Amino acid sequence: MKYRMLLAVLAACTMAASTASAGDDGARNRREARQDHRELRQDRRQMREDALDVAQIRQLSTELQSAAADGDAREVARIDKTVSRMLHHERREGKHEEAQDRRELRRGRREQRSDRLEIRENRHDGAGRRERADDRHDLRDDRRDRRDDRRDLKQEQAQNDSREYIAAAWKALEGRYDSGSVSQRAALLERLGHLAEIEMQGDRQERGEDHRELREDRRERREDCRQG
């Protein structure tokens, strides 16, 4: 009799632990889904802003060519101020995005540690084959996300370095309106435009990755429902 009671207590404890684990997984998946939706909204906003930047830089390049052809120093000075304001904004935004990439990298490390802990706990608790496979799948996803985050951070750092170079070179040309200085401005604008186009490509890549993460979160919620 005591033996049967002990088995019943152990079974109840195991079921409670499994339910709690499923509840924790469900809460985490919901948090990740909300985060994915926020990142998709940020992606759309960033794509719009970068497209406007590309258009503005192209317009400024055209205006600079016209001012150079006309020998209009006043128009070149106006373009100087416009580009300086743009570079100030881009540098500030670039630092913000680099800080955000660092936060995402730290979040990815926490998620990877959580996945490893869950794998150990499920192995110790004798979890089923499907649950263990899901845990391994989650760990692989988090490792891939961390690789993407490291790549994003490295690219953002390189772009920030380029912005700093362009800003310093542009500032050095202030008050200089000879043909050589105007040509240097044109080259810097071309480089700035190329940088903006690279950012747009990164936006599209980031949006695709965020859509993929959202699909994975939906799959995990379906798995949680089946296991619950």
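The values are calculated or read from the model by the stated rules, or taken from the named source; none is laboratory data. It should be emphasised that the depicted structure is a prediction, and the values quoted were computed from it without experimental measurement. Because the Cβ atoms are built from the backbone with ideal geometry, glycine has one as well, and the counts that use them run over all protein chains shown.
Which ones in segment 169-182 are surrounded by fewer than 18 Cβ atoms within 10 Å (Cβ to Cβ), part of a helix (DSSP H, G or I) and in contact (Cβ under 8 Å) with a residue 24 or more places away in the chain?
If the condition is that a residue be surrounded by fewer than 18 Cβ atoms within 10 Å (Cβ to Cβ), part of a helix (DSSP H, G or I) and in contact (Cβ under 8 Å) with a residue 24 or more places away in the chain, then LYS171, SER179 are the ones that fit.
Does ALA187 satisfy the condition of being surrounded by fewer than 18 Cβ atoms within 10 Å (Cβ to Cβ), closer than 16 Å to LEU64 by Cβ and touching a Leu at 6+ places or on another chain (Cβ under 7 Å)?
When the stated conditions are applied, ALA187 does not pass them.
Tell me, please, whether a residue that is modelled with pLDDT under 70 and in a helix (DSSP H, G or I) can be found in segment 139-154.
Within segment 139-154, one or more residues are modelled with pLDDT under 70 and in a helix (DSSP H, G or I).
Specify the residue that is nearest to the chain's Cα centre (by Cα); the eligible residues are those in segment 52-75 that are aliphatic (A, V, I, L, M) and farther than 21 Å from GLU199 by Cα. Walk me through it before giving the result.
Filtering segment 52-75 for residues aliphatic (A, V, I, L, M) gives 52, 54-55, 57, 60, 64, 67-69, 73.
Adding the requirement that they be farther than 21 Å from GLU199 by Cα leaves 64, 67-69, 73.
Working: LEU64: 34, ALA67: 39, ALA68: 39, ALA69: 42, ALA73: 41 Å.
Applying the filter and picking the extreme gives LEU64.
Just to check your reading of the model, which residue among SER114, SER183 is farther than 20 Å from GLU49 by Cβ, modelled with pLDDT of 90 or more, out of contact with any strand residue (DSSP E or B) (no Cβ under 6 Å at 6 or more places or on another chain) and polar (S, T, N, Q)?
SER183 is the lone residue from the list that is farther than 20 Å from GLU49 by Cβ, modelled with pLDDT of 90 or more, out of contact with any strand residue (DSSP E or B) (no Cβ under 6 Å at 6 or more places or on another chain) and polar (S, T, N, Q).
Please indicate, with yes or no, whether at least one residue in segment 191-208 is at pLDDT 70 or above and outside any helix (DSSP H, G or I).
No, there is no match, as no residue in segment 191-208 is at pLDDT 70 or above and outside any helix (DSSP H, G or I).
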